[in-house]
Amino acid sequence: MPGLYRLLRPLLFRAPPETAHRFAITALKSGLCPVAAQPLEPPLQVNLYGLMFPNPLGVAAGFDKDIEAPDALLRLGFGFVEVGSITPLPQPGNPKPRLFRLEADRALINRLGFNSAGHANAVSRLRSRGGRPGIIGVNIGANKESSDIVADYVQGLSCFNDIASYIAINISSPNTPGLRSLQSKAELRHLLERIGEARSELHRPKPLLLKIAPDLSDAELDDIAGLVIAHSIDGVIVSNTTVSRPALKSPRASEPGGLSGAPLFELSTRKLARLYQLTSGRLPLIGVGGVTCAETAWQKLRAGASLIQLYSALVYEGPSLARTICAGLAERLATSAKKSISEITGTGVSDWL
Ligand SMILES: Cc1cc2nc3c(=O)[nH]c(=O)nc-3n(C[C@H](O)[C@H](O)[C@H](O)COP(=O)(O)O)c2cc1C
């Protein structure tokens with residue numbers, strides 16, 4: 001299959017990135033993609049939040065925003081899928097073009113701006129799965145025209161609590177005005193207080209994670225660490241795309257928006273390790289940003305991740321990537337002195353500080 005995707009990729013890359021993405025989702029939905037035939041190696045299992053992740057590698061938010069193909073993505077060999085971001089009301093997002101390939105950098109820039117079919121559509125899609133097995137996290141966002149952004153998150157929490165495996169609060173998209181300021185100390189405290197009140201009324205609250213930007217300073221990370229612990233948040237996803245621009249080769253490098261893919265690896269992994277240190281390894285972290293192969297996935301685990309996610313590398317490497325990475329992780333684990341993925345988490349934090 002890697003060979004087949006390599007043949008197909010030049011054709012796909014002739015189409016605008018959003019058209020190619022639509023094609024990928026359609027192919028997944030119609031079962032045109034390969035199926036992970038054998039169950040993946042048991043040592044890759046991660047037991048977290050009372051959920052048994054078959055392996056630590058998930059699909060990051062944004063790939064399947066409207067829950068069109070979560071089961072097909074699981075069949076590719078991913079251990080879990082995070083769908084969304086989903087906004088309360090449907091909204092179109094920013095004008096096109098708003099997604100760009102930076103091929104020479106193995107990166108993407110997007111300024112989609114939360115194009116979403118909305119909560120009601122997502123609820124019916126999730127319900128139509130009919131309780132099929134598989135871990136599906138729901139990533140919630142806010143509408144661009146919302147008069148009370150915090151209320152949008154509270155609404156997302158109540159809406160998806162019963163049907164999501166976990167909920168991720170995305171306050172780090174660079175493409176919705178005012179959103180990232182929710183990461184500041186005062187605004188985050190207010191958000192977490194209101195979320196806390198809403199959660200206390202839920203019968204069985206699901207694990208709740210916060211997704212943050214890689215562009216935060218160490219001081220800002222320190223504030224976030226204190227607040228998430230104080231408000232009993234169950235984990236942090238590090239990180240979303242960056243508005244910074246490390247040295248890039250592609251002509252599209254200065255397009256406004258969030259940069260993802262290989263050039264994000266170093267920045268997002270440093271922030272991950274820093275947050276692991278600030279929380280003394282007590283808080284589960286999901287490491288995302290520039291994972292492209294087994295080695296980068298392994299490094300994320302060593303830098304403090306309990307689980308890993310990717311998006312951009314799927315565009316460049318194709319549908320066999322999950323299985324390739326999982327096979328590489330299983331090999332590394334077998335040659336290490338450890339017995340499980342969870343024992344790898346945090347073993348290389350000092351390399352990144
Ligand atoms: C086209 C695109 C759309 C995205 N949409 C979302 C989104 O809706 N919500 C979110 O939390 N992250 C979104 N992300 C960020 C990814 O989930 C991930 O954090 C980021 O791309 C870094 O991972 P990567 O380097 O493996 O791509 C998006 C990324 C891309 C490339």
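Quick look at the values:
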quantity	calculated
Those lysines that a straight Cα-Cα span of less than 16 Å connects to residue 29, excepting residues fewer than 8 apart in one chain	65
Residue-by-residue Karplus 3J(HN,Hα) for the stretch 146-162, coefficients 6.51, -1.76, 1.60, Hz, glycine and proline x	5, 8, 8, 4, 4, 4, 4, 6, 4, 4, x, 4, 5, 5, 9, 3, 6
For the stretch 96-227: rounded, prolate or oblate by the Cα gyration tensor [a/c cutoff 1.5]	oblate
Derived scalar couplings ³J(HN,Hα) [the stretch 128-134; Karplus, 6.51 cos²θ - 1.76 cosθ + 1.60; whole Hz; x for Gly, Pro]	6, 5, x, x, 4, x, x
Relative contact order (percent, whole number), the stretch 88-170, Cα cutoff 8 Å, 6+ residue spacing	29 percent
Heavy atoms of residue 278 accessible to a 1.4 Å probe, total area in Å² rounded to 10	50 Å²
Value at 222 nm in deg cm²/dmol, rounded to 500, when DSSP H runs of n ≥ 4 in the chain each add -39,500 (n - 2.57)	-11000 deg cm²/dmol
Amide proton proximity set for residue 240, modelled H, under 5 Å, gap of 5+	212, 213
DSSP beta bridge pairing in the chain, given as percent antiparallel to the nearest 5	30 percent
Ratio Rg/Rh, restricted to the chain and using Cα atoms, in which Rh is the Kirkwood radius	0.93
Hz values of 3J(HN,Hα) by residue in the stretch 209-224 - Karplus curve (6.51, -1.76, 1.60), Gly and Pro given as x	10, 10, 9, 10, 7, x, 8, 7, 6, 4, 5, 5, 5, 4, 4, 5
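The values are calculated or read from the model by the stated rules, or taken from the named source; none is laboratory data. As the structure is a prediction and not an experimental result, all values here were calculated from the model. For accessibility, only protein heavy atoms count, side chains too; no ligands or nucleic acids. Shrake-Rupley method; radii C 1.70, N 1.55, O 1.52, S 1.80 Å.
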